[in-house]
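Heads up: the structure comes next, in structure tokens.
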């Protein structure tokens, strides 16, 4: 053990030590201290080590673990600790030579094998401590999902959420203690849920989505009806063009200044799970509505700052891309130019003549691309129809 890293992370399944590899068993038998949740500790045979229950909250256990640095320690986690598990958190801040990991069989792999589903075509969610609305972007007929939930009471809550969104016909296969001797399986539908105490932890649910609920499109420029708003919204076609100009890339962070309904920041976040966004909105009612829209559409990771730019931008994580949907003036533009890192992309939309003039002058001074977007829709003219034009949008994009 002296040549091994001080921390060994072991993924323990419901079959306990029977599912462990020889290296995992050796690490357990030579450890000085073993830490893990009570459920995992109960699966272990008697050990020479000092066995400790991981405390609640989880962060307290991290503090205790770091205090043991340098001593031979085993930390227990569920299945594959690096797939919706604690592995990445346990290894964070440690040097590569300080830790090693022996993952077990993931619940996702076990359930896919039970269902006969190709895992590469199945959406996987870990919702132990996350809202059910994280499922919303993926809800569509024929979609298969494997969902880890907090406990047995979360199963009827999940069924209720599926009914509320119009997918009550979804088939639900509920697994308890999958992979162990207590494993059970029960088939039901979301519109015929079990009682609140029908299942016990650990629980996983396989879903075959069915129903006539609204499906969130994959492309940008979702219908305006997806967003609650008071009229302050970047409309669908302009939003699609704006997202194209913003061009989100993995791991980028967006500032959406003057968030309105939050539609730009929300669609940005829907583009990729690695991107981040902060919406800045001066009106408190609108700011609250932005957060509600984001949560309902499954991107509750949207950060919302209530306040007027640029004062509200102090201390906010630096962006890779900035969008100003309205209210850009010379003072705000000067602040952005002075403080944003070189290479930051800036996109601004304008309707009023005053702001359009600023964009025209800024384009002449800083370059970039200046575009005029004009959208017309068919509307009644007496007994016939004609084109009704909306306010043209001038869009300026540049790299600072």
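Read the figures in this text as sums done on the coordinates, not as results from a lab. Not measured: the values here are computed from a predicted model. Every residue, glycine among them, receives a Cβ derived from its backbone with ideal geometry; neighbour counts consider all protein chains shown.
The per residue volume of the convex hull around the alpha-carbon atoms of region 226-310 is 82 Å³.
What translational D, rounded to a whole number of µm²/s, comes out for region 142-290 from Stokes-Einstein when the hydrodynamic radius is the Kirkwood one over Cα pairs, at 20 °C and 1.002 mPa s? For the chosen part, D equals 121 µm²/s. The Cα trace of region 141-224 gives Rg and Dmax of 14.0, 50 Å, the first to one decimal, the second as a whole number.
Can you compute the helix-only [θ] at 222 nm over the chain? Use -39500 (n - 2.57) per DSSP H run of at least 4 residues, normalise by all residues, nearest 500 deg cm²/dmol.
On the way: 11 runs with 104 residues, N = 400.
Rounded to the nearest 500, it is -7500 deg cm²/dmol.
Figure the gain on full extension for residue 52 and residue 232 (residue separation times 0.36 nm, minus the Cα-Cα span) and round it to one decimal in nm.
Numbers: separation 180, 0.36 × 180 = 64.80 nm, distance 5.45 nm.
Here the segment from residue 52 to residue 232 would lengthen by 59.3 nm.
Counting each pair of different Cα atoms once, what's the Kirkwood radius of region 7-105 in Å, rounded to one decimal? Its Kirkwood hydrodynamic radius stands at 13.2 Å. Length gained on full extension, residue 376 to residue 184: 63.3 nm, using 0.36 nm per residue less the C-alpha separation. Rounded to the nearest 0.05, the FRET efficiency derived from the C-beta distance between residue 301 and residue 384 at R0 = 35 Å is 0.15.
Please tell me the relative contact order of the chain in percent, rounded to the nearest whole number, where contacts are Cα pairs under 8 Å and at least six residues apart. Intermediate results must be reported in sequence, preceding the final value.
On the way: 791 pairs, mean separation 41.4, N = 400.
RCO, the chain: 10 percent.
Counted over the chain with a bin width of 20 Å, the fraction of Cα pairs per bin, in whole percents, is 23, 43, 29, 5, 0.
Across region 247-320, the mean sequence separation of Cα contacts (distance under 8 Å, 6 or more residues apart), normalised by length, yields a relative contact order of 33 percent.
For a paramagnetic label modelled on residue 67 (point 7 Å from Cα along Cα→Cβ), amide N atoms under 18 Å away belong, within region 18-43, to 32-37. Considering only 166, 386, 307, the mean-square fluctuation computed in a Gaussian network model of the chain, springs between alpha carbons under 10 angstrom, is largest for 386.
Across region 7-105, Cα pairs under 8 Å and at least six residues apart give a relative contact order of 45 percent.
For the options 146, 280, 53, a Gaussian network treatment of the chain with springs between C-alpha atoms closer than 10 Å singles out 53 as fluctuating the most. Every Cα-Cα pair in region 301-396 was counted, and those over 16 Å apart are 63% of them. Rounded to whole Å, give me the distance from the Cα center of region 1-70 to that of region 292-359. Taking the Cα centre of region 292-359 as reference, the centre of region 1-70 is 47 Å away. Residues within the reach of a label modelled at residue 308 (point 7 angstrom out along Cα to beta-carbon, backbone nitrogen below 17 Å), restricted to region 326-364, are 326-336, 355.
Kindly list the residues of region 95-131 that lie in the label zone of residue 157, defined by a backbone N under 19 Å from the point 7 Å along the Cα-to-C-beta vector. Within reach of a label on residue 157: 125-131.
Counting other beta carbons within 10 Å of each Cβ, put 396, 387, 335 in order, fewest first. Kindly include the intermediate steps, with their values, before the conclusion.
Details: 396 26, 387 10, 335 15.
Placing the least packed residue first, the sequence is 387, 335, 396.
Take the Cα of residue 59, step 7 Å toward its Cβ, do the same at residue 98, and the gap between the two points is 1.9 nm.
Springs between Cα atoms under 10 Å define the GNM used for the chain, and in it the highest mean-square fluctuation of 248, 103, 310 occurs at 310.
In this label model, residue 329 and residue 191 are separated by 5.5 nm, measuring between points 7 Å along each Cα→Cβ vector. Under the simplified labelling scheme, the residue 399-residue 198 pair shows an inter-label distance of 5.6 nm, with each label point 7 Å from Cα along Cα→Cβ.
Can you compute the FRET efficiency between residue 114 and residue 22 using 1/(1 + (r/R0)^6), with r the Cβ-Cβ distance and R0 = 41 Å? Round to the nearest 0.05. Mind showing how you got there, number by number?
Numbers: r = 27 Å, r/R0 = 0.65.
Using R0 = 41 Å, I get an efficiency of 0.95.
A straight line joining the Cα centroids of region 181-228 and region 236-280 runs 27 Å.
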